[in-house]
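Here the structure comes first, spelled out in structure tokens, and everything after it is commentary.
The values are calculated or read from the model by the stated rules, or taken from the named source; none is laboratory data. Keep in mind that what you see is a predicted model, and the values were worked out from it rather than measured. For neighbour counting, all protein chains shown are included, and Cβ atoms are generated from backbone atoms with ideal geometry for every residue, glycine included. With ligands, DNA and RNA removed, areas are computed over all heavy atoms of the protein, side chains included. Shrake-Rupley method; radii C 1.70, N 1.55, O 1.52, S 1.80 Å.
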Protein chains: 2
Amino acid sequence: MTDKVYGGIEAGGTKFVCAVGTAPDNLIKTQFATTSPDETIGKVINFFKEYVRQKLLTAIGIASFGPLDLDKNSPTYGYITSTPKDSWSYIDFARKIQNRLEIPVAIDTDVNGAALGEHVWGGARGLDTFIYLTVGTGFGGGGMINGKLMHGLLHPEMGHIRIPHDWQKDPYSGCCPYHGDCLEGLACGKAMEGHWGQLPENIPFDHPAWELEASYLAIAIHNFICTISPQRVIVGGGLMKNPGLMPAVRRKVELNLNEYISSDAVTKDIEHYIVSPALGDMAGVIGALELAKTINQDV
Amino acid sequence: MTDKVYGGIEAGGTKFVCAVGTAPDNLIKTQFATTSPDETIGKVINFFKEYVRQKLLTAIGIASFGPLDLDKNSPTYGYITSTPKDSWSYIDFARKIQNRLEIPVAIDTDVNGAALGEHVWGGARGLDTFIYLTVGTGFGGGGMINGKLMHGLLHPEMGHIRIPHDWQKDPYSGCCPYHGDCLEGLACGKAMEGHWGQLPENIPFDHPAWELEASYLAIAIHNFICTISPQRVIVGGGLMKNPGLMPAVRRKVELNLNEYISSDAVTKDIEHYIVSPALGDMAGVIGALELAKTINQDV
């Protein structure tokens, strides 16, 4: 390991991954379950404090579940805001870590973090406009447009777009507490569980649940392609572990777009247009580490 | 008029607007119906040629209907590509004008042009991430993200997202030749005409057609807000001339989002968040003029 290293925290609703290092092949990492904020942040501090004491650590980046307040002029900058996740609502997340370790901390959404990881080290190298989607317990989306991570008014909430819901084929009413049958309400892991009465990882690969899932994801990706015109679409998350899902999604996106988007990338080479994260499950924590490197830069 | 002026062309499927000048209050303009490419481009040349001869004109910007090829490395850069509009398909639009007038020409989509106009002179001053929608014969969307106009793989085709279609309430199957009942297929002027058997401008303001139209536009804007997180949404186009439509759209967007996007801009001040173009019908041609000013800049 080089002298100066960075810290990265992938803060998920289920687990935290922490790492110190400089690059994907130069990392020390650990992970633990997400419990109460006090206990979880305590474990984060414990992991990093020896590196801080030895003055090895330059900065820490956090790629976090949300929603987050990312407005640097806001009094609640760096907070996790109105999350339904017990006891994490309105937690002063970034500042707690910054204050206890006395080191600069950068924060962004988990999906923007993963997008940055893919941009620097993975499947989005050389691109300035692409999106990163994750389909797990929830549905998240972020990315980079015109060379910078997506922010705007707050940050994207791509899981909450409305999509066609064929009630005859799919009588499940959706699980989103805000919108019922929005994209996340119909297609996230929690929705699969609500719909089929079992965890997605226990649903056999040839169960019709996956055909429906592919249809919803394909509509969502169609919408994101038409809205943003990304140069690539990266799709990660636990549900994509079903090896049949990605090919089914690609086929349906191609069918749905119906050659309207007249680019060879979509019409002739969709295997390289809609892809898995090149960094796999490491995209988030590597992206968090890259966020740390961006402190004082305009990314 | 100052010595050095710019030219702007708003190239629409129905009419062309051409202008020379430097600013909204310093313009000479003309307009004519869009007919064949030869005849229409002939009129464009006639309008500008005297300014060129007198060496008053620095450059011309075109804000055009599409789809367009905007890839500067492509052999068909500046072409109108696969438009269903008779005889305009695969027309070498930008270069024809550039070659005949011997002056630099910039080209972008009509909606990106209008967005740039609003950014420099109108309702998007000071913002770096916003969208511009137009609801007329068709449905178009563009805008600026992270301070640059939206491009990516090609350019946005926001009219072609899929939205929920309640067949019981609305048995019309949609007019999009590619996707049937996509957003444009259900909610553009041509769709209103197909559905109700009369031109939208002849449908009384209190007809239920407008309630349905407001519902579709609200879902679309909800989706764009969740996907991009714009700092403002500007909505122009002929259909918005119905004075009841904008307030109905705002109310429905607020209801649909259901306070999920926790920003005062959306929850407390939606009148200033979803707005009409400050430049009104002039946004397009003024934006085209601004495009001319960007030649050799990275916008």
In region B:2-33, how many residues are within 17 Å of residue B:65 (Cα to Cα), in a loop (DSSP other than H, G, I, E, B) and of a type outside the set (S, T, N, Q)? 2
When you scan region B:273-297, how many residues do you find that are of a type in the set (D, E, K, R) and either closer than 24 Å to residue B:191 by Cβ or open to solvent by less than 30 Å² (accessible area, probe 1.4 Å) (or both)? 2
May I ask you to verify whether residue A:105 is more than 29 Å from residue B:253 (Cα to Cα), away from chain B (no Cβ under 14 Å) and β-branched (Val, Ile, Thr)? yes
Count of region A:114-149 residues which are open to solvent by 10 Å² or more (accessible area, probe 1.4 Å), within 9 Å of chain B (Cβ to nearest Cβ), in contact (Cβ under 8 Å) with a residue 24 or more places away in the chain and under 15 Å from residue A:294 (Cβ atoms): 1
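Residue under question is residue B:187, and the condition is that it be modelled with pLDDT of 95 or more, of a type in the set (A, V, I, L, M) and under 22 Å from residue A:220 (Cα atoms); does it hold?
Details: modelled with pLDDT of 95 or more: yes; of a type in the set (A, V, I, L, M): yes; under 22 Å from residue A:220 (Cα atoms): yes.
When the stated conditions are applied, residue B:187 passes them.
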Against the condition open to solvent by 20 Å² or more (accessible area, probe 1.4 Å), within 30 Å of residue A:40 (Cβ to Cβ) and of a type in the set (Val, Ile, Thr), how does residue A:109 come out, does it pass? no
Regarding region A:249-258, can at least one residue be identified that is farther than 20 Å from residue B:179 by Cβ, open to solvent by 20 Å² or more (accessible area, probe 1.4 Å), away from every other protein chain (no Cβ under 14 Å) and not β-branched (Val, Ile, Thr)? no
Which of (1) within 14 Å of chain B (Cβ to nearest Cβ); (2) touching a residue at least 24 places away in the same chain (Cβ under 8 Å) is the odd one out, the single condition residue A:190 does not satisfy? (1)
For region B:240-298, list the helices (runs of 4 or more DSSP H) that sit wholly inside it and hold at least 1 residues that are over 28 Å from residue A:161 (Cβ atoms); which are they? B:283-293
Tell me, which residue of region B:259-272 that is under 27 Å from the mean Cα position of the chain (by Cα) and open to solvent by less than 60 Å² (accessible area, probe 1.4 Å) is nearest to residue B:208 (Cα to Cα)? B:270
Can you pull out the residues in region B:71-87 that are under 21 Å from residue B:134 (Cα atoms) and surrounded by fewer than 22 Cβ atoms within 10 Å (Cβ to Cβ)? B:81, B:82, B:83, B:84, B:85
I'm trying to understand the selection: among the residues of region A:23-57, which are open to solvent by 30 Å² or more (accessible area, probe 1.4 Å) and in contact (Cβ under 8 Å) with a residue 40 or more places away in the chain? A:24, A:27, A:29, A:36, A:49, A:51, A:52, A:56
With the requirement that a residue be at pLDDT 95 or above, open to solvent by 40 Å² or more (accessible area, probe 1.4 Å) and closer than 26 Å to residue A:273 by Cα, what does region A:206-225 give you? A:208, A:211
Sole miss for residue A:138 among (1) modelled with pLDDT of 95 or more; (2) on the phi < 0 side of the Ramachandran plot is condition (1)
Using the structure shown, decide if residue B:90 is surrounded by fewer than 21 Cβ atoms within 10 Å (Cβ to Cβ), closer than 30 Å to residue B:192 by Cβ and of a type outside the set (Lys, Arg). yes
Output the number of residues of region B:214-239 satisfying the condition of being assigned to a helix (DSSP H, G or I), touching a residue at least 40 places away in the same chain (Cβ under 8 Å) and either over 16 Å from residue B:159 (Cα atoms) or away from chain A (no Cβ under 14 Å) (or both). 2
